[in-house]
Amino acid sequence: MIVFETKRMILRLLSLNDIDNVMTIWGDIEVMKYCGGTTSRERELQSIEYYIDLHKTKGFSPYVVVLKNTNEVIGVCGFNPPNHNYDAELMYHFSKAHWKKGYATEATSACLEYAKERLHLTKIGASIDPENIASQHVLKKIGFTYVGLKWCEATKQQEPYFEYLIIKD
């Protein structure tokens with residue numbers, strides 16, 4: 001099911017049938033270098049099941065990112081459950097072949113717009129590995145503000161934490 005679209009991409013709900021596509025992203029050592037590393041196919045199937053349930057209960061989740069012109073799955077972008085007193089946490093992972101093309105900025109911006117227009121979120125957080133300068137740049141570019149360092153259990157380290165406040169019109 002399509003959740004929303006951007007100029008170049010479709011963002012749709014994850015399904016168990018997406019496992020092969022998302023393993024090319026979540027199973028890539030370099031893509032997941034700053035996110036706690038890769039895990040097994042079985043673990044990622046559990047993650048997809050969790051995200052399907054998250055969307056049913058909270059109305060949001062990470063979404064599969066598909067290029068409109070090729071129908072190729074290039075990433076996963078959307079929202080993890082609440083964390084650190086935030087309504088949701090923004091997350092995004094893109095295949096290495098699609099880095100540095102503006103897809104992360106376009107998809108994350110669309111997620112924030114979707115959160116503002118359709119979801120009842122007011123405060124979104126995001127943590128980034130201190131060495132992942134490119135992702136920190138994406139967050140700043142789309143309007144997130146640095147708020148300090150916070151412990152990240154997945155990576156077992158202090159990470160820069162950013163927030164985005166949604167102001168309703």
Problem set entry | Translational diffusion of the chain, µm² s⁻¹ [Kirkwood Rh, Cα pairs; Stokes-Einstein; 10 °C; 1.306 mPa s] | 99 µm²/s
For this session: Work out, step by step, the length gained on full extension between Ile2 and Arg118: first 0.36 nm times the residue separation, then minus their alpha carbon distance; give nm to one decimal.
Result: 40.4 nm
Exercise. Quick one: length gained pulling Lys58 to Lys140 fully straight, 0.36 nm per residue minus the C-alpha distance?
Worked result: 26.9 nm
Exercise. When the accessible area of the chain is computed with all protein chains present and a 1.4 Å probe, what percentage of it is carbon and sulfur?
Worked result: 51 percent
Problem set entry | Extension gain, Ile167 back to Lys150 (0.36 nm per residue minus Cα-Cα distance, nm) | 3.7 nm
Problem set entry | Where trypsin sites (Lys or Arg not before Pro) fall in DSSP loop in segment 30-137, at most 16 other Cβ within 10 Å | Lys33, Lys68, Lys100, Lys101
Problem set entry | Size of charge dipole - the chain - debye, nearest 20, with Cβ of Lys, Arg +1 and Asp, Glu -1, no other charges | 420 debye
For this session: Distance check, please: which entries in Lys68/Lys150; Lys68/Lys156; Lys56/Lys101; Lys56/Lys123; Lys7/Lys150; Lys96/Lys168 exceed 30 angstrom between their Cα atoms?
Result: Lys68/Lys150; Lys68/Lys156; Lys56/Lys101; Lys7/Lys150; Lys96/Lys168
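The values are calculated or read from the model by the stated rules, or taken from the named source; none is laboratory data. Remember, it's a predicted structure, so these values are computed and weren't measured experimentally. Reconstructed Cβ throughout: ideal geometry from the backbone, glycine too, with neighbour counts over all protein chains shown. Ligands, DNA and RNA are excluded from the accessible area calculation, which covers all protein heavy atoms including side chains. Shrake-Rupley method; radii C 1.70, N 1.55, O 1.52, S 1.80 Å.
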